[in-house]
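What follows is a set of notes on a single structure, which appears directly below.
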Amino acid sequence: MRRTLVPATLALGLLIVAVAVPDARVLVGATGVLALVVALLTRGRRSRRSLLRAPQRARLAPLWPDASIKSVVEAMREPAFVIDRMLALRFGNGAASRAFGGSTLGDPFPMRFRAPDLLAALEAAVSDGEVQSVDYAERAPADRSWSVDILPIRGAGEGRASFFLVLFRDHTQARRLERMRTDFVANASHELRTPLASLTGFIETLKGPARDDAAARLRFLDIMGDQAARMSRLIDDLLSLSRIETKRRLRADERVDLAEVLASVVQQFTPASAEKGLPIELTGADAGPVFVNGDRDELTQVFANLLENACKYGDGGGRILVGLRRDGSVAEAFVQDFGQGIAPEHVPRLTERFYRVEEGSSRIRGTGLGLSIVRNVLIRHHTRLTVSSIPGQGSTFAVRFGIRASASSEKTKPKQRVELS
Ligand code: ADP
C-alpha cells in the first residue's frame, strides 16, 4: 500500500508545480509521467503477488482436519483418508500408507485410485451428501480387493459436508475363500458326475442293446461296480476333508506313539502290497516308542494315504520302505517307493485338492484328495509334508515332528514348589 502511495503522491505534487510554474512544465511533465508509470508498475506487481497468494489461502482454509479428528482417523485399523469437496487428499492414516504407499496431501484422490466406480461414488457423495459404498480391486502389485465406504463429515451447523472420510476394508482373504469354495463345489460335482454318467450309460446299455448278452452284462456290471466304488471313495475323502476342517484345535497334551502308528499302518497294507509284488520294509520303528503331540486316528490316516499312494504308484520298484529316524528332539517318519517318481513341475502342486499327475498315473484313477487330506491334518499338527522325487527312480514323502515326553511321564513330573512368604 505504502509503495503505491509514494509515487502517486509525487506525481500529484509535480502536477501542482507544473500548473503553478509554467517554465518548469516540460521537466515536471516528464518526471510526472515517470512517477505515474512507477506507481502503476508497482501496483501491477502487487496485484500479481496477491493473485498468487489467493489460492494458497484457499487451500489452507478451512483449517481441517484438526488434531483431534486426525488422531481418530489415525487410530483406525483400516486404511482411511480424508478428502475435500474437490476430491483433493487432506489426510491419510498410517494404515493407508502401509496398504497403498505414501501419498501427497493436496493431490487429487482419484489420481491414486483410478477406478470409474470409485470415482462415481466419490462424486455422488459430494453431490448428494449421502454415504456411498463401492468395491475396489487392485491387480498390482498384488491381487487385493476392498470394500470402500465414503462418509460425509459435517461440522457443527454445517449444511453440507466439506470433507469426506474414505474408509477401506480389506476383503482379499474373504474373496479368496469364496473363490476356493465355489471352485471346490464345482470340482467335487465334476468328479462325482463322471462316474455317475458312466453308471447311467451302462444302465441304458443293459436295458437296451446288451439285454440278452450275458457276457457283456457281467463285464458291464464289473465296470459299474468300479465306478460305484470310486464314487464312494470320493464321498469318503470329501467327508474326511470337511471333518478335519471343522475339528477342534489339537490339545497341547495329546500324545501319540509314532512308532506304533507306523507299525499298525504297515500291518494294514501288508497283504495288498504283497499281492502287488511290493513288500513293505519297516525300519527304525522297533527302538521303543516315539511320542509326539498328535491325534492317533488322524496320523494313521496320513500314513495310510502315503502308503496307499506308494502301493498305487510304486509299480516296478520291487519294495516300499517305511521308516522312522530320530535326530535329537526331532523324529522324521517317511514312506519311500522306487516306482515312477514325479516330475519336478508337479511336486509343488501335489497337495492341491483334486490335483492329479495325469502322465504315468493316468491309468490309476485316484480322487486327487489323498495328499490334500495329508496336508490339512499336518497343518493341524504344526508340521508339513516334504516330497523328494526322481522321475523313474521313486519318491519319498517325509514328515518331521518334535519328540515329546509321554503323557504319563509328564503327569508324574515333580511339581514345582513355590514358597510364598
Ligand atoms: P490320488 O487319489 O490321485 O492318488 P493324491 O492326492 O493322493 O490323489 O495324489 C495326488 C497325485 O500325486 C496322484 O494323482 C499322483 O499323480 C501323484 N502321486 C502321489 N503319490 C505318488 C507317488 N508315491 N509316486 C508317484 N506319484 C504320486
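The values are calculated or read from the model by the stated rules, or taken from the named source; none is laboratory data. None of the values given here were measured: they were computed from a predicted structure. Note that each Cβ is placed from the backbone with ideal geometry, even for glycine, and that neighbours are counted across all protein chains shown. The protein model used for the area step is the full one, side chains on, heavy atoms only, and it has no ligands, DNA or RNA in it. Shrake-Rupley method; radii C 1.70, N 1.55, O 1.52, S 1.80 Å.
Of all residues in the range 244-281, those satisfying the criterion of being assigned to a helix (DSSP H, G or I) and farther than 16 Å from GLY294 by Cβ are GLU245, THR246, VAL266, GLN267, GLN268, PHE269, THR270, PRO271, ALA272, SER273, ALA274, GLU275. So which residues in the range 249-278 are closer than 15 Å to GLY323 by Cα, open to solvent by 10 Å² or more (accessible area, probe 1.4 Å) and within 16 Å of the ligand (Cβ to nearest atom)? VAL266, PHE269, listed by residue number.
Among the residues of the range 213-238, the one identified as within 42 Å of the chain's Cα centre (by Cα), hydrophobic (A, V, I, L, M, F, W, C) and surrounded by fewer than 13 Cβ atoms within 10 Å (Cβ to Cβ) is ALA229. The listed residues are SER189, SER162, SER198, and the only one of them that is among the hydroxyl-bearing types (Ser, Thr, Tyr) and in the same structural domain as ALA121 (by TED's automatic domain parsing) turns out to be SER162. A single member of ALA210, ALA156 is assigned to a loop (DSSP other than H, G, I, E, B), more than 30 Å from SER242 (Cα to Cα) and open to solvent by less than 70 Å² (accessible area, probe 1.4 Å), and it is ALA210.
Among the residues of the range 91-106, those identified as part of a loop (DSSP other than H, G, I, E, B) and surrounded by 13 or more Cβ atoms within 10 Å (Cβ to Cβ) are ASN93, SER103.
A single entry from THR367, THR396 fulfils the requirement of being surrounded by 14 or more Cβ atoms within 10 Å (Cβ to Cβ), at pLDDT below 95 and within 14 Å of the ligand (Cβ to nearest atom): THR367. Among the conditions (1) surrounded by fewer than 15 Cβ atoms within 10 Å (Cβ to Cβ); (2) away from the ligand (no atom under 13 Å from the Cβ); (3) free of Cβ contacts under 8 Å to residues at least 60 places away in the same chain, the only one that THR300 does not satisfy is (1).
Within the range 321-335, the set of residues being open to solvent by less than 50 Å² (accessible area, probe 1.4 Å) and either modelled with pLDDT under 95 or more than 9 Å from the ligand (Cβ to nearest atom) (or both) comprises LEU321, VAL322, GLY323, LEU324, VAL330, ALA331, GLU332, ALA333, PHE334.
The residues of the range 338-358 that are within 8 Å of the ligand (Cβ to nearest atom) and under 23 Å from GLY316 (Cβ atoms), listed by number, are GLY339, GLN340, GLY341, ILE342, HIS346, LEU350, ARG356, VAL357, GLU358.
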